[in-house]
Amino acid sequence: MHDETKQPASFSAGRRWGQSLNFLLAALAAAALVVLANHVATRHYTRVAWTENADFKLSPLTRQVLQSLTNTVRVVVFYDRAESLYTPVTALLKEYSLANPRIEVEVVNYVVEPAKAELVKARYRLTPQARDLVIFDANGKNKIVTQSDLSQYDLASFVVGRGSEIRRTGFHGERLFTAALVTVADAAVPQAYFLIGHGEHDHGNSSSDIGYGKFAALLQDNGVRLAPVSLGGANEIPADCRLLVIAGPQVAIEAVEQEKLDQYLQNGGRLLLLLNYSSRSGLEPLLARWGVEVGDNTVVDERNSPPASGSILVNQFDPHPVVGPLSSARLPLQLVLPRSIGRRAGHQQNADAAKITELAVTSEAGLAMRRVRNGQQNTALRERQGVIPLMVAAEKGGIAGVANAGATRIIVTGDSYFLDNQMIEAAANREFAWHAANWLLDRPQFLGGIGPRPVREHTFTITDTKMRRLFWVLVAGIPGASLALGFLVWIRRQR
């Protein structure tokens, strides 16, 4: 009789049901974790840029502007997808919309959507040739940013004849897009006036080196309306003037005009006065009453002057909202033959007097040279040596650094050429102009600069000889090595 021992089943029914239940519970737990993670993510949304480049990471200034935005802004990207700037433009605007859902972005490809493109042209009164631009629309206002404004180019090699290629080195998208948001989202549009009639820089001239067209465009990008004003005869400073700019006057301002200017300041006016080494404004007594002393000199700084340039790189700033961001980022200003502008000796910093801050000064190697004595041109005479102030900010009637529509604010600089068409892009001159305008206009949320994003190019140069070597490596070397390795493996397996 054959004795067979009965083998128990590998898994009993109870064990199988238990493992099935464990698997089901584990799957439910995993699903619950996924649902919980998504729920938490929707309530606490955060995006992090992992790349070192972080091309589309928004600046603190842009984030402040987006946080203050309460109205819906429609953004129309009127672009051909084949254009090189299409990707950076749309990627940057996506960051804007993610930071604030009130930014509604619509892409219109005029190449494949002609009917839609015609509607956009009709709505915004674009020319038939209009293309490759970004339109910001809110509060019945619109601001158009063209493709030609978005890039910064390096023309050095092209100008000197060393090459025929013009390289794109910077992308101005964030600066222009944020400025456009400010323009269309702010219901109130501040009005600025440029004083004329005394040989000032022309704010309507963008072609001459000494014109102020680029500075005027910066103010307009900042959402400011511009107009000229003359104080001759019965003319007064307009009641809607939020900012008066006097840029490099070459002829003395008459006494009757100075009285109007003094009254404007006494009533809480805002003044940006830019003098230069040849200015003869006649405003020295008026400025002295506000605690500002204007030197009749030219300042040099051998420690911070590029050779044979006549300019000074200024990197020493006192704490103030206008120059604080420059100091934090270690960005210098580049001034051209400035004159000294500082606090008047004996000026008391009390509650009844204007608070004077010397915004920028030279190093200890500063030297003020007086060249005119009694109307005669003489050999340069040393007037002062050491740390010399070059620009000041004056504030009276409010708490320093706090926005107050009734407070008088004045900025006086010892150079006007550093903001002309030729010099405004040098060093951090543009950033200073942005900060100065926004401080004078009581816009503390905009006291930050947005520079161009660098465009990184990687160029590979391959000679004909290297190209032939590369051809044989790719066509013969790599496939041949693979075949040889396979043949050796086949031989080994045959043994």
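Please treat every number below as a calculation from the coordinates, not as lab data. Since we're looking at a predicted model, the values are computed, not measured. Here the Cβ positions follow ideal geometry from the backbone for every residue, glycine too, while neighbour counts run over all protein chains shown.
Just a few scattered comments:
- Inter-probe distance in nm under a simple model that places probes 7 Å from Cα toward Cβ, at K57 and S20: 5.3
- Charge tally for N22 (other residues, Cβ to Cβ under 15 Å; Lys, Arg +1; Asp, Glu -1): +2.
- Taking a straight Cα-Cα cut-off under 30 Å and skipping sequence neighbours fewer than 8 places away in the same chain, the lysines within cross-link reach of K94 are K57, K116, K121, K141, K143, K214.
- Counted charge near D420, where neighbours are those whose Cβ lies closer than 9 Å (Asp, Glu -1; Lys, Arg +1): 0
- Peptide packing: for 121-128, 32-39, 262-269, 88-95, the average count of neighbouring Cβ atoms within 10 Å per residue gives the ranking 88-95, 262-269, 121-128, 32-39, highest mean first.
- Packing order of peptides 15-25, 243-253, highest average first: 243-253, 15-25 (average count of other Cβ atoms within 10 Å over each peptide's residues).
- J(HN,Hα) series, segment 310-318, from Karplus relation 6.51 cos²θ - 1.76 cosθ + 1.60, nearest Hz, glycine and proline x: x, 10, 10, 8, 9, 10, 10, 10, 8
- Charge tally for G232 (other residues, Cβ to Cβ under 9 Å; Lys, Arg +1; Asp, Glu -1): -2.
- Efficiency of FRET between S206 and T465 - r from beta-carbon atoms, R0 51 angstrom, step 0.05: 0.55
- Given R0 = 30 Å, the distance between the Cβ atoms of R303 and T146 translates into a calculated FRET efficiency of 0.10.
- Note: relative contact order over segment 191-440, using C-alpha pairs below 8 Å and six or more positions apart, is 22 percent.
- Long-range HN-HN contacts of N276 with modeled amide H, under 5 Å: S416
- Selection from A192, G233, A255 lying farthest towards where the dipole of segment 191-440 points positive, charges on Cβ: A255
- Eligible aspartates and glutamates near K396 by straight Cα distance, threshold 14 Å, same-chain separation 8 or greater: D262, D352, D442
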